[in-house]
Amino acid sequence: MERSVKKYLLILAGSISLVLGILGIVIPVLPTTPFLLLTSFCYLRSSKRLYDWMLNNRVFGPYIYNYLTCRAIKRSVKVVTLIILWLTLAVSIVLVSNVYLRIFLVAVGVGVSIHVLSLKTLHKDRSYDGGDSTTSDTE
């Protein structure tokens with residue numbers, strides 16, 4: 001009984017984390033990747049079916065897989081992530097009048113940018129069956 005409660009709590013936490021991660025795609029201050037990684041952690045420990053669904057999801061499955069296995073993302077993902085991040089942050093900074101909130105938004109943007117740029121660049125899609133991939137630390 002105790003084990004099934006833990007299982008359902010992990011599924012619930014993973015599902016909430018998934019929703020927050022999806023919201024993070026359009027809300028610049030909400031981090032997407034950490035929530036999706038938390039989702040995969042929760043699903044891995046509670047439901048093989050949900051974990052497999054997550055890794056095989058056509059939208060975010062490849063990103064999670066590549067992040068977990070290679071700590072890498074494609075160059076195009078880096079570029080689009082940084083452009084969307086800074087565009088939405090710029091709009092938020094213009095709309096907000098509180099100077100401390102503006103500083104916070106810039107700090108979040110810098111932190112996320114450093115993290116994204118510190119990831120290896122995946123030059124070739126890594127296949128799920130362990131196909132070749134080439135990564136570089138210097139991009």
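Annotations for the structure displayed:
- Selection from segment 35-72 of residues that are in contact with a strand residue (DSSP E or B) (Cβ under 8 Å, 6 or more places away or on another chain) and either more than 18 Å from Ser118 (Cβ to Cβ) or in a helix (DSSP H, G or I) (or both): Tyr63, Asn66, Tyr67, Cys70
- For Lys78, the test of being surrounded by 12 or more Cβ atoms within 10 Å (Cβ to Cβ), out of contact with any helix residue (DSSP H, G or I) (no Cβ under 7 Å at 6 or more places or on another chain) and at pLDDT below 90 is failed.
- Residues located in segment 1-22, provided they are within 20 Å of Gly109 (Cα to Cα) and modelled with pLDDT of 90 or more: Leu20
- If you check Ile103, Ile93 for being over 30 Å from Lys6 (Cβ atoms) and in contact with a Lys or Arg (Cβ under 6 Å, 6 or more places away or on another chain), only one passes: Ile93.
- Per the conditions (1) without any contact (Cβ under 8 Å) to a residue 40 or more places away in the chain; (2) surrounded by 12 or more Cβ atoms within 10 Å (Cβ to Cβ), the sole criterion not satisfied by Leu87 is (2).
- Number of positions in segment 30-51 that are more than 17 Å from Tyr65 (Cβ to Cβ) and either over 13 Å from the mean Cα position of the chain (by Cα) or without any contact (Cβ under 8 Å) to a residue 60 or more places away in the chain (or both): 4
- The sole residue among Ile27, Ile16 that is within 20 Å of Leu85 (Cβ to Cβ) and either over 12 Å from the mean Cα position of the chain (by Cα) or not in a helix (DSSP H, G or I) (or both) is Ile27.
- Among the conditions (1) farther than 25 Å from Glu2 by Cβ; (2) out of contact with any helix residue (DSSP H, G or I) (no Cβ under 7 Å at 6 or more places or on another chain); (3) not hydroxyl-bearing (Ser, Thr, Tyr), the only one that Gly21 does not satisfy is (2).
The values are calculated or read from the model by the stated rules, or taken from the named source; none is laboratory data. If you're wondering where the values come from, they're calculated on a predicted model, not measured in any experiment. When we count neighbours, we look across all protein chains shown, and the Cβ atoms used for this are built from the backbone with ideal geometry, even at glycine.
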